[in-house]
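Asker: Have a look at the structure that comes next, please.
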Amino acid sequence: MTNPLWIAPSLLAADFADLGAQVRQCEAAGADLIHCDVMDGHFVPNLTFGPPVIRRLHALTSLPLDVHLMIERPEDSLGWYRDAGAAYITVHQETCSDLRSVLSRIRSFGIRSGVSVKPATPMQTLESVLGDFDLLLVMTVNPGFGGQRFMDEVVPKIAEADRWRRDGRAEFRIAVDGGIDENTAPRVRKAGADVLVAGTAVFQGNIAENVRRLREAATC
Ligand code: DX5
Ligand code: ZN
């Protein structure tokens, strides 16, 4: 059984001086989620935005906000993202010493919990928290920057997560993030991904056309 495909434009590649209009264009283009990359300059070298920007975006779109926290000590600020209107909060496995309690805290807010793994992080690190997350975000590049090359060697991790679902061990959505475009989308979809996070492939050029082409590429 395959979940319906969701397209999640990643705002990292959007025009930060015109974020509101870009989000509205994604909505009109039929995107399913808005992926918000929060970076702290520590866990990853880059810096982006935080709760005040997310709060403003929440006020102007009805699309669910999928907040990808690339920050150290995410447990210190989860409440800020809940208050800002996140529908999903995703933390990195590598940043949590007690991952189960962080995930259950997110769920206790009445929102969906997500966990992400960097390309080099083994899937076994998640086996002890199966059942505690609603979204698994498999990084197909090293987090921190948009426009990087998709790492083919990560595809077996997507397939492994899909096997966990097929074996009935847990129910969750599999999202992929990094280098997703018309060429890589069919490969990750075939491996079991059901949420495509895409920055460059959505925001470079015409958003509506790009979302349509991405969906079409992953559907055949
Ligand atoms: C990278 C971010 C991604 C990024 C993807 O650390 O998590 O969401 O925006 O960008 P593209 O789609 O350009 O690889
Ligand atoms: Zn991301």
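Just so you know, all these numbers are worked out from the coordinates, no wet-lab data involved. A quick note: this is a predicted structure, and the numbers were derived from the prediction, not measured. Cβ atoms come from the backbone with ideal geometry, glycine included; neighbour counts cover every protein chain shown.
Asker: Suppose a student asked you for the relative contact order of the chain, using Cα pairs under 8 Å spaced at least 6 residues apart; what percent would you report?
Answerer: So the answer I get is 21 percent.
Asker: Output ³J(HN,Hα) for the range 141-149: one whole-Hz value per residue in order, computed from phi by the Karplus curve 6.51 cos²θ - 1.76 cosθ + 1.60 with θ = phi - 60°, and x for Gly and Pro.
Answerer: Result, ordered by residue: 9, 6, x, x, 9, x, x, 8, 6 Hz.
Asker: Between the range 63-93 and the range 135-204, how far is it from one alpha carbon centroid to the other, in angstrom?
Answerer: Here the answer is 19 Å between Cα centres.
Asker: Treating only the Cβ of Lys, Arg, Asp and Glu as charged (+1, +1, -1, -1), what charge dipole size does the chain show about its Cα centre? Round to the nearest 20 debye.
Answerer: Dipole size: approximately 380 debye.
Asker: About its Cα centre, what dipole magnitude does the range 117-188 give when the only charges are +1 on Lys and Arg Cβ and -1 on Asp and Glu Cβ, stated in debye to the nearest 20?
Answerer: I would put it at about 80 debye.
Asker: Based on the Cα gyration tensor of the range 87-177, what are the three equivalent ellipsoid semi-axes, each the root of five times an eigenvalue, rounded to whole Å and given largest first?
Answerer: 21, 16, 12
Asker: Which far-off residues, 5 or more places away or on another chain, put their amide H under 5 Å from the one on ILE180, with H placed in the peptide plane?
Answerer: GLY199
Asker: Something else now. State the answer as a single residue: which of LEU99, VAL188, GLN148 lies farthest towards the positive end of the charge dipole of the chain, with beta carbon charges of +1 for Lys and Arg and -1 for Asp and Glu, about the Cα centre.
Answerer: VAL188
Asker: Provide Rg over Rh for the chain; use the alpha carbon set for both Rg and the Kirkwood Rh (inverse mean inverse pair distance).
Answerer: 0.93
Asker: Kindly write out, for the range 102-115 in residue order, the coupling ³J(HN,Hα) from the Karplus curve 6.51 cos²θ - 1.76 cosθ + 1.60 (θ = phi - 60°), rounded to whole Hz, with x marking Gly and Pro.
Answerer: Computed from phi, the couplings for the range 102-115 are 5, 5, 6, 5, 4, 5, 5, 7, x, 10, 7, 9, x, 10 Hz.
Asker: Right, here's the next one. Write down the Kirkwood hydrodynamic radius of the range 130-177, to one decimal in angstroms, obtained as one divided by the mean of 1/r over all alpha carbon pairs.
Answerer: 11.6 Å
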